[in-house]
1. Select from the range 173-200 the residues that are in contact (Cβ under 8 Å) with a residue 40 or more places away in the chain, assigned to a helix (DSSP H, G or I) and farther than 18 Å from residue 69 by Cβ and list them in ascending order.
2. Taking the conditions exactly as written (surrounded by fewer than 18 Cβ atoms within 10 Å (Cβ to Cβ) and under 16 Å from residue 105 (Cα atoms)), does residue 200 satisfy them or not?
3. Please identify the pairs in which a residue from the range 140-160 that is at positive phi has its Cβ atom under 7 Å from the Cβ atom of a residue that is among the polar types (S, T, N, Q) and surrounded by fewer than 23 Cβ atoms within 10 Å (Cβ to Cβ), counting only partners at least 6 apart or on another chain.
4. Given (1) without any contact (Cβ under 8 Å) to a residue 40 or more places away in the chain; (2) outside any loop (DSSP other than H, G, I, E, B), identify the lone condition not met by residue 86.
5. Hey, could you check the range 178-195 for residues that are surrounded by 21 or more Cβ atoms within 10 Å (Cβ to Cβ) and either among the hydrophobic types (A, V, I, L, M, F, W, C) or over 18 Å from residue 128 (Cβ atoms) (or both) and say which is farthest from the chain's Cα centre (by Cα)?
6. Those residues that are in contact with a strand residue (DSSP E or B) (Cβ under 7 Å, 6 or more places away or on another chain) and either open to solvent by 10 Å² or more (accessible area, probe 1.4 Å) or among the acidic types (Asp, Glu) (or both), I need them from the range 113-127; list them, please.
7. (1) outside any loop (DSSP other than H, G, I, E, B); (2) free of Cβ contacts under 8 Å to residues at least 60 places away in the same chain: which one isn't true of residue 164, the others all being true?
8. Looking at 228, 239, which one is of a type in the set (S, T, N, Q) and either within 14 Å of residue 131 (Cα to Cα) or modelled with pLDDT of 95 or more (or both)?
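The values are calculated or read from the model by the stated rules, or taken from the named source; none is laboratory data. Given the structure is predicted, the values throughout are model-derived calculations rather than measurements. Because the Cβ atoms are built from the backbone with ideal geometry, glycine has one as well, and the counts that use them run over all protein chains shown. Accessible surface areas use protein heavy atoms only, side chains included; no ligands, DNA or RNA. Shrake-Rupley method; radii C 1.70, N 1.55, O 1.52, S 1.80 Å.
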Amino acid sequence: MTRRQRRRRQPRRAPFDAVCAGDRSGSPDGSWQGGWLRGVHHVPSPNQGERPASTPIVLAVLHSISLPPGRCGGPHIERFFCNRLSARAHPFFAGIAGLQVSAHFLLRRDGRLLQFVDVQRRAWHAGRSCWRGLDNRNDDSVGIELEGLEGRPFTAAQYRVAARLLHALARRWPLREVVGHEHIAPGRKGDPGPGWHWKRLAHRLQGSGIAVTPAHASAELLQALARSEAPSAQDPGRSA
């Protein structure tokens, strides 16, 4: 087998995967330039602001999005997060084109990762929210959008890259838990929904120190954690 043939048989890796594999610096910041992740496409959004002073980044919130609903690919999500979505491009867009929202990251179906907001800044993804007795969880969270329709299955590439992203975040910031938008805003939001398998993500995050609370908590406990006064009893989310 020639060297050229061996090169052709090697699987292509996403840029973020290459950064993870290639960083031998030993530094927890090796994959970051400030709050921007190296090796991913940067699309700066104007929809962001300062985090409150001295607020640690401890929570990751997973969302799901497809624009128009049920269709993946195309430029519409990027345009939406950058206030450039045309209300005339699709009937559904007329109701959302004026919204000013963003997330820190978008994870495409094929595993490609885009970043819209510096992690050190506050993205506008959670809205009215509460978790573990704290309101306004935009203040101390990272928002990660999964491309897909709420309740539908997600791809193997999305689980793989989501885990790598969370590992990278936890090496740089004191991230200790990941939940869904549905958990911090129950009744108002339902994403990513039952199509996202939390136990599958938890398996990939073993040993990371990140609690995947929805993988093991009961529905009753999840509802209690979403109230302004969180339960005082010890719960699985603190020990995982």
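1. Correct list: 183, 184, 200.
2. Numbers: surrounded by fewer than 18 Cβ atoms within 10 Å (Cβ to Cβ): yes; under 16 Å from residue 105 (Cα atoms): no.
No.
3. Taking only residues 6 or more apart or on different chains, the pairs are 148/66.
4. (2)
5. Among them, the one singled out is 184.
6. Listed by number, the residues that qualify are 113, 118, 121, 122, 124, 125.
7. Of everything listed in (1) outside any loop (DSSP other than H, G, I, E, B); (2) free of Cβ contacts under 8 Å to residues at least 60 places away in the same chain, residue 164 misses just condition (2).
8. Going through 228, 239 in turn, just one is of a type in the set (S, T, N, Q) and either within 14 Å of residue 131 (Cα to Cα) or modelled with pLDDT of 95 or more (or both): 228.
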